[in-house]
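**Q** Below: one structure in structure tokens.
The values are calculated or read from the model by the stated rules, or taken from the named source; none is laboratory data. Since this is a predicted model, take the numbers as computed values, not measurements. Methodologically, a virtual Cβ is constructed for each residue, glycine included, from the backbone with ideal geometry; neighbour enumeration extends over all protein chains shown.
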Amino acid sequence: MTTAPDEPTGVLPGRPPVVDLATWQAARDELLVREKAHTREGDAIAAALRRLPMVELDGTVEVVGADGPVPFLDLFQGRDELVVYQHMWHDGAPHQGQCEGCTTTAWHLKDSVYLNARGVSFAVLTTGPWDEVAPYVAFMGYTEPWYSVREVPAPVGGAMGYLACFLRDGDRVFLTYSTTGRGNERVNGSLALLDMTPYGRGEAWEDRPEGATGAGEAGEAGEGHPPTSARPCWYWRSDADGNATWGPTSRPVPQWTRPRATPVDTLGRRGGHH
């Protein structure tokens, strides 16, 4: 049996039922059939994605990076494929006031060596002015190339918060794919791991065992349970003590790992430029 002496077999509040190993394995094998079907459907969608039509764009349009203005074509670094993340920006805001959603995506794409090994380059684009972007990149410790696409038309510039893929054929450049919203989750390994756990992401929209859902903003779900919230992604910002909050004393969670990150009293946002 998998139960402890003081933990009888049965349903614990807000948790899955406790069973023996054989019963667990049977349930696990049954779910595996659905997981494999989900994987095969994902493969079919990926195959359809590779057959999407593409749009040609001007590869000579200039973006601004650490070395000044360069043509977009240079972002391929001689490779035939390019993936970019288009990072939102709040003009004039301090580091803690920048987009927490874009932070989680960019943070999970800190090293593109496996993309490079497959002949794919990676870069982050943002509408922020380079003189604001450069110190932010240094503070966050990002090593992948960033570029300002301020005033650059879509699809290189324009709306942010997207993952986009481009193909190069000599000096010709094509947009092949773009996704946003939950489409960006595919690069966030933390979300994939949380989805494997009994308590999940702790968001109210999730279907979880009865009794596991807390109430209110980061409300407690019960003794021994992590907090939950009706606000999506509520734990992507925290205060100096590690408490999830989107208040003025918060930062995007990874920022607290950075040298000299200190408590703050304002997000400093004065209207975003997206």
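**Q** Kindly indicate which of THR197, THR127, THR176 is of a type outside the set (D, E, K, R), without any contact (Cβ under 8 Å) to a residue 40 or more places away in the chain and on the phi < 0 side of the Ramachandran plot.
**A** It is THR197.
**Q** On to the next question. Scan THR39, THR60 and give me the residue that is among the polar types (S, T, N, Q) and either on the phi > 0 side of the Ramachandran plot or within 25 Å of the chain's Cα centre (by Cα) (or both).
**A** Just one listed residue meets the conditions, THR39.
**Q** Next up: Check ARG168, ARG201 and return the single one that is of a type outside the set (S, T, N, Q), at pLDDT 95 or above and either under 21 Å from ALA261 (Cβ atoms) or surrounded by 16 or more Cβ atoms within 10 Å (Cβ to Cβ) (or both).
**A** ARG168
**Q** OK, next. Quick one: count up the residues across the stretch 92-116 that are of a type in the set (Ser, Thr, Tyr) and crowded, with 20+ Cβ neighbours inside 10 Å.
**A** Residues that pass the stated criteria total 3.
**Q** Further question on the same structure: Hey, could you check the stretch 223-242 for residues that are farther than 20 Å from CYS99 by Cβ, surrounded by 14 or more Cβ atoms within 10 Å (Cβ to Cβ) and not β-branched (Val, Ile, Thr) and say which is modelled with the lowest pLDDT?
**A** Here the residue is HIS225.
**Q** So, one more: Quickly run through the stretch 132-150 and pick out the residues that are under 13 Å from TYR85 (Cβ atoms), in contact (Cβ under 8 Å) with a residue 60 or more places away in the chain, assigned to a loop (DSSP other than H, G, I, E, B) and in contact with a Ser or Thr (Cβ under 8 Å, 6 or more places away or on another chain).
**A** The answer is VAL149, and nothing else.
**Q** Now a separate question. Which residues, taken from the stretch 102-150, are closer than 16 Å to PRO252 by Cα, touching a strand residue (DSSP E or B) at 6+ places or on another chain (Cβ under 8 Å) and not hydrophobic (A, V, I, L, M, F, W, C)?
**A** If the condition is that a residue be closer than 16 Å to PRO252 by Cα, touching a strand residue (DSSP E or B) at 6+ places or on another chain (Cβ under 8 Å) and not hydrophobic (A, V, I, L, M, F, W, C), then THR103, THR104, THR105, TYR142 are the ones that fit.
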